[in-house]
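J.: After the structure tokens below, expect a handful of questions from me.
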Amino acid sequence: MEKKQVIIDTDCGIDDAQAIMLALVAPNIQIVGITCVFGNAAVENVCQNVLRVLSVCEREGIPVFRGAGAPLVGASSSHGEHFGTDGLGDVLQDRDPQWEEKIQREHAVNAMIRLVTENQKQVSLVALGPLTNLALAVRLDPGFPQKLKDLYIMGGNMEGKGNVTLCAEFNFAMDPESAYVVLEEFLCPTYIASWEFTCRNALTWDFFEELINQDAPAAAFMKVITSKCWAYSRETMRNRRDVYFGPCFVSYDAYAMAACIDSSVVTEKMECPVRVELQGSICRGMMVLDPTNELKKNHSVFVLTKCDVAKFRQLLMESLRQPCKK
């Protein structure tokens, strides 16, 4: 079976780690590189988190590249607290002092352009964090998007309901200008797993307990790194999230990765133009859907709306059941 070549662009928090593990065990996926960006943590922590995931899964041969440490415009906002200051729950003590030696010398954006140029129309790009590296790539190489096979994004929102501001989802809010650039200039087939999509296809906490209590190294690792943050989600955040989605387990980034791995996981999607709002104190970073094309754009994206939850659960279970080595 011919494998799909994939670049993962990540701000590796806990849900990114789960998404990476999905790709590591997928028999149809070849990860050609992992590029790191600020977001859930400083980019230096993101690099270390990716290396830790690859080590647990015995896949250290996959090249890891350090990318943007701040947004395209302006100063970096504070990093998210949901996954701890280090992005993996602030529970790992044995950090690798030689981690920088294991990161490729090539900048993530240059590596992204090179890998895609060498394999035109063959590489799928899965973006799990702020879109800064992607925006920089199209600025350095305006033809970069047309060389991609397709693009999967976890980020944005469909209904103006934010999770870090009133109207914006975290990844887009961390760098609205980059999100705007990507959704205006990436003309390749683009699939967006928005915040509402992930929450409306959420899983139960009973499933989460079954997932992390499997007898495998990957599951044991996930159990450790989720020990603080998901307890916080389950209890402290429950009332706040009940307003829209209820107290469920949501592995946000894993939805975008699952769509890339197996398109049949997505059972419904809508095709329409979108734009990211850059002005205003309330709506900055919000993704606006334009189903009647009032914006007169010549490019649409696929906004995912429903998924086969049973298939998604199975992919998650398999990702932690196996030792990830292949």
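The values are calculated or read from the model by the stated rules, or taken from the named source; none is laboratory data. Because the structure is a prediction, the values reported are computed rather than measured. Glycine gets a Cβ as well: all are built from the backbone with ideal geometry, and neighbour counts include every protein chain shown. Heads up: the accessible areas ignore ligands, DNA and RNA and are worked out on the full protein's heavy atoms, side chains in. Shrake-Rupley method; radii C 1.70, N 1.55, O 1.52, S 1.80 Å.
J.: Considering every residue within region 89-107, establish whether at least one is open to solvent by less than 10 Å² (accessible area, probe 1.4 Å), at pLDDT 75 or above, within 19 Å of the chain's Cα centre (by Cα) and not small (G, A, S).
T.: Looking for residues that are open to solvent by less than 10 Å² (accessible area, probe 1.4 Å), at pLDDT 75 or above, within 19 Å of the chain's Cα centre (by Cα) and not small (G, A, S), one finds none in region 89-107, hence no.
J.: Further question on the same structure: Applying the selection to region 258-284, what residues are open to solvent by less than 10 Å² (accessible area, probe 1.4 Å), aliphatic (A, V, I, L, M) and within 16 Å of D150 (Cα to Cα)?
T.: A258, A259
J.: Tell me, which strands (runs of 3 or more DSSP E) lie completely within region 1-83 with 3 or more residues that are without any contact (Cβ under 8 Å) to a residue 40 or more places away in the chain?
T.: 29-36
J.: Take the residues in region 291-304 that are out of contact with any strand residue (DSSP E or B) (no Cβ under 6 Å at 6 or more places or on another chain) and open to solvent by less than 40 Å² (accessible area, probe 1.4 Å); name whichever of them is nearest to P189 (Cα to Cα).
T.: If we take residues in region 291-304 being out of contact with any strand residue (DSSP E or B) (no Cβ under 6 Å at 6 or more places or on another chain) and open to solvent by less than 40 Å² (accessible area, probe 1.4 Å), then H299 is nearest to P189 (Cα to Cα).
J.: Here is a further query. Can you name every residue in region 108-141 that is open to solvent by less than 10 Å² (accessible area, probe 1.4 Å), under 19 Å from D175 (Cα atoms) and more than 17 Å from the chain's Cα centre (by Cα)?
T.: A137, V138
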